[in-house]
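Beneath this line is the structure, given in structure tokens, with notes to follow.
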Amino acid sequence: MDALELRFGRYVLLATAVGDGEQTVTPAAMLATLQQRCGVVPSEVVIDVACPPHDLRLTFTAEEKCTDVLFSSMKIKCCRRWIQFSRWSRMVRAQPGALEYKSKLGFEGLPNQAWMTASVKDVLK
């Protein structure tokens, strides 16, 4: 997960359309806006629909373009709505909480050499 976060954190942005607009921000409209306002060409970015609260996920091929677009957060409009960009993080949808129930975890059937503390910690990670 750390490697995924390192990769995505530098190349992936989440875009949120701010405000109550009648028009939905589509990937095609976002690409056109990025081409016009940020000089991003279609071969430099892949735009997908993301889960709420974010509208779109932008995956860039170069870290520099990703950072340039990030700095244009709340400075550009797409489909008459301000666009807020944020870097992807594995904690983006996380919220603090506590487990309601106590859980027990068992390691049955492990060979004797797997019972070293470091090995069990690796399994828990």
ask   = How many residues are modelled with pLDDT under 95 and either surrounded by fewer than 14 Cβ atoms within 10 Å (Cβ to Cβ) or touching a Gly at 6+ places or on another chain (Cβ under 7 Å) (or both) if we restrict to segment 43-60?
value = 5
Tally of residues being in contact with a strand residue (DSSP E or B) (Cβ under 6 Å, 6 or more places away or on another chain) and of a type in the set (Lys, Arg) across segment 52-86 = 2
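For PHE8, are the conditions met, namely being in contact with a Ser or Thr (Cβ under 9 Å, 6 or more places away or on another chain), modelled with pLDDT under 90 and aromatic (Phe, Trp, Tyr)? If you could, list the steps in order and put the result at the bottom.
Values: in contact with a Ser or Thr (Cβ under 9 Å, 6 or more places away or on another chain): yes; modelled with pLDDT under 90: yes; aromatic (Phe, Trp, Tyr): yes.
Here the answer is yes, as PHE8 does meet what is asked.
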message = When you scan segment 102-110, do you find a residue that is surrounded by 11 or more Cβ atoms within 10 Å (Cβ to Cβ) and out of contact with any Ser or Thr (no Cβ under 7 Å at 6 or more places or on another chain), even just one?
response = yes
ask   = Is it the case that ARG90 is out of contact with any Cys (no Cβ under 8 Å at 6 or more places or on another chain), basic (Lys, Arg) and assigned to a helix (DSSP H, G or I)?
value = no
request  = Would you check which residues across segment 71-89 are more than 19 Å from PRO42 (Cβ to Cβ), under 17 Å from the mean Cα position of the chain (by Cα) and in contact (Cβ under 8 Å) with a residue 40 or more places away in the chain and list them?
outcome  = GLN84, SER86, ARG87, TRP88, SER89
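Before we move on, is GLY106 at pLDDT below 85 and at positive phi?
For GLY106, the condition - at pLDDT below 85 and at positive phi - is not met.
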ask   = Can we say GLY39 is modelled with pLDDT under 85, over 17 Å from the mean Cα position of the chain (by Cα) and farther than 15 Å from PHE85 by Cβ?
value = no
request  = Any residue in segment 15-27 that's among the acidic types (Asp, Glu): show its pairings with residues that are surrounded by fewer than 15 Cβ atoms within 10 Å (Cβ to Cβ) and in a loop (DSSP other than H, G, I, E, B) at Cβ separation under 9 Å, as long as the two are six or more apart or on different chains.
outcome  = GLU22/ARG80
ask   = Out of all the residues in segment 18-33, is one or more out of contact with any Ser or Thr (no Cβ under 6 Å at 6 or more places or on another chain), surrounded by 17 or more Cβ atoms within 10 Å (Cβ to Cβ), in a loop (DSSP other than H, G, I, E, B) and at pLDDT 90 or above?
value = yes
Qualifying residues in segment 34-51 (those that are without any contact (Cβ under 8 Å) to a residue 24 or more places away in the chain and assigned to a helix (DSSP H, G or I)) - the one nearest to GLU64 (Cα to Cα) = GLU44
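The values are calculated or read from the model by the stated rules, or taken from the named source; none is laboratory data. The structure presented is a predicted model; accordingly, all values stated were derived computationally and were not measured. As a convention, Cβ positions derive from the backbone with ideal geometry for all residues, glycine included, and neighbour counts pool all protein chains shown.
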